[in-house]
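Here the structure is laid out as structure tokens; the discussion comes afterwards.
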Amino acid sequence: MTNIETLRNRLPEAAKDIKLNVQSVFQTTTLTPAQIWGVAVASAIATRNSEVRQAVLADAQAQLAQESIQDAKAAAALMAMNNVYYRFRHMIGKESYGTKPARLRMNWIGKPLANKVDFELYCLAVSAINGCEMCIRSHEDVVIKGGLSEDQVHDAVRVAATIQALAVSLEIGSDESLTAQAVA
């Protein structure tokens, strides 16, 4: 049994749809294993749930080259910064902020260790979790111009959404067990 499967089996009844989705999104045929697992790793880190992060990283070791794992980690780290910064610039709606240089180091974006388009897909997935419209649009444009299809983008975001839902659902299960203990 995989680490993700172990987490999946712990999901509460309220998350039975998520239990099914966690199983099905890893079976997509539009994405390569590197794309599926890179998106999963970057997304798991973005959830900020240590159990999900550890399970996905453990399962990804057999599916993903170390360079791609490092790219997924870098995507999560950079988008943690960029999504806040660019979401602010977008939401504030003042042209003056848009003219100011970011002055934030982002060298990894220009030189990922593995595949540039896959790295951008990882960034897109994390940006979807973090809700940064500017970053979502930017990374989607890069991956489409890089040769990916809208179906591939769609499936990557489905993986990200499901990994996020897994993290939230585990918290629901944890809350339910605490409630049961308090009642007993």
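The values are calculated or read from the model by the stated rules, or taken from the named source; none is laboratory data. Given the structure is predicted, the values throughout are model-derived calculations rather than measurements. So basically every Cβ, Gly included, is an ideal-geometry build from the backbone, and we count neighbours across all protein chains shown.
Answer yes if at least one residue in region 11-31 is of a type in the set (Lys, Arg), in a helix (DSSP H, G or I), under 23 Å from residue 149 (Cα atoms) and over 15 Å from the mean Cα position of the chain (by Cα), and no otherwise.
So in region 11-31, the residues of a type in the set (Lys, Arg) come out as 16, 19.
Then keep just the ones that are in a helix (DSSP H, G or I); that gives 16, 19.
Add one more test, that the residue is under 23 Å from residue 149 (Cα atoms), and what stays is none.
No, that holds for no residue.
Name the pairs whose Cβ atoms lie under 8 Å apart, with the first residue in region 16-42 and more than 29 Å from residue 116 (Cβ to Cβ), the second among the aromatic types (Phe, Trp, Tyr) and in a helix (DSSP H, G or I), and 6 or more positions between them or separate chains?
Pairs found: none.
Of a type outside the set (D, E, K, R), over 11 Å from the mean Cα position of the chain (by Cα) and part of a helix (DSSP H, G or I): is that true of residue 138 in this structure?
On the way: of a type outside the set (D, E, K, R): yes; over 11 Å from the mean Cα position of the chain (by Cα): yes; part of a helix (DSSP H, G or I): yes.
Criteria met by residue 138.
The rows are residues; the columns are (1) farther than 23 Å from residue 137 by Cβ; (2) of a type in the set (A, V, I, L, M, F, W, C); (3) in contact with a His (Cβ under 6 Å, 6 or more places away or on another chain).
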site: 8; (1), (2), (3): yes, no, no
site: 27; (1), (2), (3): yes, no, no
site: 43; (1), (2), (3): no, no, no
site: 62; (1), (2), (3): yes, yes, no
site: 71; (1), (2), (3): no, no, no
site: 75; (1), (2), (3): no, yes, no
site: 79; (1), (2), (3): no, yes, no
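So, in region 94-130, how many residues would count as being of a type outside the set (Val, Ile, Thr), assigned to a loop (DSSP other than H, G, I, E, B) and more than 15 Å from residue 69 (Cα to Cα)? Quick ask: steps written out before the conclusion?
We begin by selecting, within region 94-130, every residue of a type outside the set (Val, Ile, Thr); these are 94-98, 100-108, 110-116, 118-125, 127-128, 130.
Filter once more, keeping what is assigned to a loop (DSSP other than H, G, I, E, B): 94, 100-106, 111-115.
Those still in the list that are more than 15 Å from residue 69 (Cα to Cα) too: 94, 100-106.
Of the residues in region 94-130, 8 are of a type outside the set (Val, Ile, Thr), assigned to a loop (DSSP other than H, G, I, E, B) and more than 15 Å from residue 69 (Cα to Cα).
Please name all residue pairs, on different chains or six or more residues apart, with Cβ atoms under 6 Å, provided the first residue is in region 131-154 and is surrounded by 13 or more Cβ atoms within 10 Å (Cβ to Cβ) and the second residue is among the β-branched types (Val, Ile, Thr) and not in a helix (DSSP H, G or I).
Close Cβ pairs satisfying both conditions: 152/30.
Do you know which of the residues in region 8-46 that are among the β-branched types (Val, Ile, Thr) and in contact with a Leu (Cβ under 8 Å, 6 or more places away or on another chain) is farthest from residue 170 (Cα to Cα)?
Keep residues of region 8-46 that are among the β-branched types (Val, Ile, Thr), which gives 18, 22, 25, 28-30, 32, 36, 39, 41, 45.
Now restrict to residues that are in contact with a Leu (Cβ under 8 Å, 6 or more places away or on another chain): 18, 22, 39, 41.
Working: 18: 10, 22: 12, 39: 20, 41: 17 Å.
Among residues in region 8-46 that are among the β-branched types (Val, Ile, Thr) and in contact with a Leu (Cβ under 8 Å, 6 or more places away or on another chain), the one farthest from residue 170 (Cα to Cα) is 39.
Residues to consider are 76, 62, 114; find the one that is under 29 Å from residue 149 (Cβ atoms) and exposed (fewer than 13 other Cβ atoms within 10 Å of the Cβ).
On the way: 76 fails: exposed (fewer than 13 other Cβ atoms within 10 Å of the Cβ); 114 fails: exposed (fewer than 13 other Cβ atoms within 10 Å of the Cβ).
After ruling out the rest, the residue left standing is 62.
Within region 25-37, take every residue that is modelled with pLDDT of 95 or more and of a type in the set (S, T, N, Q) and give me the one that is surrounded by the fewest Cβ atoms within 10 Å (Cβ to Cβ).
Top of the filtered list is 32.
Being at pLDDT 95 or above, crowded, with 21+ Cβ neighbours inside 10 Å and aliphatic (A, V, I, L, M) narrows it down to one residue among 165, 160; which is it? Spell out the reasoning first.
Numbers: 165 fails: crowded, with 21+ Cβ neighbours inside 10 Å.
Exactly one of 165, 160 is at pLDDT 95 or above, crowded, with 21+ Cβ neighbours inside 10 Å and aliphatic (A, V, I, L, M), namely 160.
Determine whether region 38-56 contains at least one residue that is of a type outside the set (A, V, I, L, M), modelled with pLDDT of 95 or more, within 22 Å of residue 146 (Cβ to Cβ) and assigned to a helix (DSSP H, G or I).
Restricting attention to region 38-56, the residues satisfying the condition of being of a type outside the set (A, V, I, L, M) are 38, 43, 47-51, 53-54.
Subsequent filtering for residues that are modelled with pLDDT of 95 or more retains 38, 43, 47-51, 53-54.
Narrowing further to those that are within 22 Å of residue 146 (Cβ to Cβ): 38, 43.
Next cut, assigned to a helix (DSSP H, G or I) only: 38, 43.
Yes; the residues of region 38-56 include at least one that is of a type outside the set (A, V, I, L, M), modelled with pLDDT of 95 or more, within 22 Å of residue 146 (Cβ to Cβ) and assigned to a helix (DSSP H, G or I).
Can you tell me which residue in region 57-67 is modelled with the highest pLDDT, limited to those that are touching a Pro at 6+ places or on another chain (Cβ under 9 Å) and not acidic (Asp, Glu)?
Start the filter on region 57-67 by keeping residues that are touching a Pro at 6+ places or on another chain (Cβ under 9 Å), which leaves 63-64, 67.
The next check asks that each one be not acidic (Asp, Glu); those that pass are 63-64.
On the way: 63: 93, 64: 96.
Here the residue is 64.
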